[in-house]
Every structure is written in C-alpha cells, then in structure tokens.
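What follows is a set of notes on a single structure, which appears directly below.
The values are calculated or read from the model by the stated rules, or taken from the named source; none is laboratory data. Please read all numbers here as calculations on a predicted model, not as lab measurements. Neighbour counts are summed over all protein chains in view; Cβ atoms, including those assigned to glycine, are modelled from backbone coordinates with ideal geometry.
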Amino acid sequence: MSIEADQARRDQFATVPSSLLDSTDEPGVLVAIRFRTLDLRADEGLAALRVAVKVLAQSAGFLGSAIGQATDDPDLVILTLTWRDIGSYRRALSRMEVKMRVVPLLSQAVDEPTAFEILHAMDETGEQHGTTRLAADADTVRLGEAAQPWVAR
C-alpha cells in the first residue's frame with residue numbers, strides 16, 4: 001500500500017463529519033463501545049459486529065461507524081458509532097430488531113460509559129465547536145434518580 005493510500009485510509013476513519021456539529025441542532029454523539037470478549041481473528045467476532053452495525057445503520061440519525069482492534073492488545077476491540085444526536089442513538093436502541101440482534105452483543109462490552117457529546121471536531125472544511133447540552137445537575141443526579149418523585153441530596 002502506498003503512503004498516500006495509507007494516509008487516505010487513516011483519514012477516512014480519523015475524521016468526524018462536520019455535520020455532527022450543526023449549531024442549530026444538538027451536538028453530535030460519538031459512541032465508543034469496547035470489547036474484551038470478541039476475537040476479531042475468528043470470523044464470528046467480526047461478523048457479529050458487522051451485523052450489529054448493519055442493523056443500527058437502519059435507524060434514523062445514524063451517521064457512521066468503525067470497527068477497530070488495538071494495535072498493542074489484540075484482545076481489545078472497539079466499535080465506534082456516530083449519531084446526529086443522543087435522541088437518535090437512544091431511539092435506535094429501543095427498536096425491537098436492535099433489542100433482538102444487537103443488545104445481546106452489546107451486553108458483552110466493557111462496562112463503562114459509551115456515549116459522548118462531540119464538543120470539538122476538525123476536518124478538511126475546518127474546525128467546529130459545539131456546546132454541551134448536559135443538564136446543570138448531571139454531575140449530582142445519578143442514573144435512575146430523576147425518575148423518583150423526590151431526589152435526596
């Protein structure tokens with residue numbers, strides 16, 4: 001592979017589309033899901049991730065994905081997804097086909113936060129900045145607490 005072709009291939013996966021940071025919409029969302037239990041050297045692991053991406057790609061707001069393997073740790077695999085906004089990602093996860101065909105695979109992921117607001121992006125068109133849409137109490141109200149009639153502080 002030529003140096004130019006290799007750089008073009010890396011650039012294809014290293015950029016975040018500028019459409020993710022449209023000032024009239026919520027910031028885009030980057031989802032990074034890591035796995036330690038999938039073996040990409042075995043056909044089944046990569047095939048399962050490809051199926052998951054194809055199912056998720058049918059959801060409104062899906063912008064792109066990449067599957068990677070750590071260069072220093074062949075047991076560490078990552079699936080990245082980009083979404084127009086957090087609502088698109090959450091609605092995709094609630095689709096029945098996703099629950100049936102993707103969620104079982106996602107249950108094998110490393111237990112850690114996976115969805116991130118995109119606050120800065122740079123591509124060939126330039127640099128864009130987003131602003132956070134996190135609630136003011138996001139650092140004090142834990143998952144599930146807001147559904148309670150009263151939240152102790």
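A few comments on the model shown:
- Among the residues of the range 34-65, those identified as touching a residue at least 12 places away in the same chain (Cβ under 8 Å) and part of a loop (DSSP other than H, G, I, E, B) are ARG36, THR37, LEU38, ASP39, LEU40, ARG41, GLN58, SER59, ALA60, GLY61.
- Test result for VAL51, surrounded by 14 or more Cβ atoms within 10 Å (Cβ to Cβ), modelled with pLDDT of 90 or more and aliphatic (A, V, I, L, M): no
- Scanning the range 36-48 for residues that are touching a helix residue (DSSP H, G or I) at 6+ places or on another chain (Cβ under 7 Å) and either among the hydrophobic types (A, V, I, L, M, F, W, C) or surrounded by 16 or more Cβ atoms within 10 Å (Cβ to Cβ) (or both) gives LEU38, LEU40, ALA48.
- Matching residues in the range 69-124 - criterion: being among the charged types (D, E, K, R), surrounded by 11 or more Cβ atoms within 10 Å (Cβ to Cβ) and more than 14 Å from the chain's Cα centre (by Cα): ASP75, ARG95, GLU97, LYS99, ARG101, ASP123
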